[in-house]
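Asker: The structure is given below, and queries will be raised subsequently.
The values are calculated or read from the model by the stated rules, or taken from the named source; none is laboratory data. The shown structure was predicted, so the numbers you read here are calculated from the model rather than taken from an experiment. When we count neighbours, we look across all protein chains shown, and the Cβ atoms used for this are built from the backbone with ideal geometry, even at glycine.
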Amino acid sequence: MKLACASSAFSRAIERGDLTQIEFVEMCARRLACDGVVLDVAHFPRTDSDYLAQIAKMAVDLGLDIAAVADDGFFASDDAGLRATIDIALALGAPLIAARLGRESAAPWSVQRERLGSATTLAKAANVTLALRNAPGTYAATTADLKRVAKEADSAWLRYGLEPAALDAASDPASLPDKVVLLWSQVSDDLPTLLARYGEFLGYIALDDAGGLGDADKIRTRMQAWRVEWFDRM
């Protein structure tokens, strides 16, 4: 198990200009004692090669992995938009792009399926894995939805970035095939329940705050609790 903090946990502070992306990365290493970070594309002040190289080098110097790039507009993007996010991931050495599908009210499934096909084709060409996030109201809200999307996409470059607490009561996370490559946990999630089910997960757990009002002290305490509880179960 490895712990990352998602920049979306601090989105309000970043949007206000109270916290830069560079300061976020440094905070994750020095204050939060993370193993990695998940960087949202919305929080990049620019995406030129010099800046991306600076972020990648900074992460290396601080001993952090860039666990994933997050982009909730990814599966609705045209090919140019898809390539832009993939290029960011490649420049940073991020193995995953985490993204939610569109809301069911936004476009018919046929349109979403077409964009999904383009996304998986480009991801395969770049060898970047897509971590499909579940979210209420989207085409990937339940475990049944996730399996359906994976079946229709039929791509080894589409996996799951699962947030168990966001599933409905009828969903059965245990029914998912072994394709979870990233777990999401809100600071308020029930930790014993998550550990009982996912205590043997070896990938990254991304800590987030749905309101973007993350408190560094609370997230640090949560990280410590994850580590203590996990080691107690070993």
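Asker: Kindly list the number of the only condition in (1) assigned to a loop (DSSP other than H, G, I, E, B); (2) closer than 24 Å to residue 32 by Cβ that fails for residue 66.
Answerer: All conditions pass for residue 66, except number (1).
Asker: Same structure, new question: Looking at segment 186-224, which of the residues that are under 14 Å from residue 164 (Cβ atoms) and among the polar types (S, T, N, Q) is modelled with the lowest pLDDT?
Answerer: Across segment 186-224, the extreme among qualifying residues is 193.
Asker: Further, regarding this structure: Looking only at segment 30-49, filter to residues that are of a type in the set (D, E, K, R) and in a loop (DSSP other than H, G, I, E, B); which one of those is nearest to residue 70 (Cα to Cα)?
Answerer: Applying the first criterion (of a type in the set (D, E, K, R)) to segment 30-49 yields 30-31, 35, 40, 46, 48.
Next, only the ones that are in a loop (DSSP other than H, G, I, E, B) stay: 31, 35, 46, 48.
Working: 31: 22, 35: 17, 46: 15, 48: 18 Å.
Among those that are of a type in the set (D, E, K, R) and in a loop (DSSP other than H, G, I, E, B), it is 46.
Asker: Return the pairs, sorted by first residue and then second, in which the second residue is modelled with pLDDT under 95 and among the charged types (D, E, K, R), the first residue lies in segment 36-51 and is over 23 Å from residue 2 (Cβ atoms), the beta carbons are less than 9 Å apart, and the residues are 6+ apart or on different chains.
Answerer: So the pair list comes out as 42/72.
Asker: Continuing with the same structure: Within segment 7-29, is even one residue part of a strand (DSSP E or B), out of contact with any Asp or Glu (no Cβ under 6 Å at 6 or more places or on another chain) and surrounded by 21 or more Cβ atoms within 10 Å (Cβ to Cβ)?
Answerer: no
Asker: Determine which member of the set 42, 98, 107, 56 is surrounded by fewer than 17 Cβ atoms within 10 Å (Cβ to Cβ), within 17 Å of the chain's Cα centre (by Cα) and among the hydrophobic types (A, V, I, L, M, F, W, C). So that I can check it myself, show each step before the final result.
Answerer: Values: 98 fails: surrounded by fewer than 17 Cβ atoms within 10 Å (Cβ to Cβ); 107 fails: within 17 Å of the chain's Cα centre (by Cα); 56 fails: within 17 Å of the chain's Cα centre (by Cα).
On inspection, the qualifying residue turns out to be 42.
Asker: Of all residues being in contact with a Lys or Arg (Cβ under 9 Å, 6 or more places away or on another chain) and in a loop (DSSP other than H, G, I, E, B) in segment 201-221, which is nearest to residue 31 (Cα to Cα)? Just the residue, please.
Answerer: 214
Asker: Working only within segment 154-179, note down all residues that are under 20 Å from the mean Cα position of the chain (by Cα) and of a type in the set (D, E, K, R).
Answerer: Within segment 154-179, 159, 163, 168, 178, 179 qualify.
Asker: On to the next question. Name the pairs: first residue in segment 177-202 and free of Cβ contacts under 8 Å to residues at least 60 places away in the same chain and surrounded by fewer than 12 Cβ atoms within 10 Å (Cβ to Cβ), second residue in a helix (DSSP H, G or I) and among the basic types (Lys, Arg), Cβ to Cβ under 9 Å, at least 6 apart or on different chains?
Answerer: Close Cβ pairs satisfying both conditions: 177/147.
Asker: Since residue 131 meets every condition but one in (1) part of a helix (DSSP H, G or I); (2) among the hydrophobic types (A, V, I, L, M, F, W, C); (3) crowded, with 19+ Cβ neighbours inside 10 Å, which condition does it not meet?
Answerer: (1)
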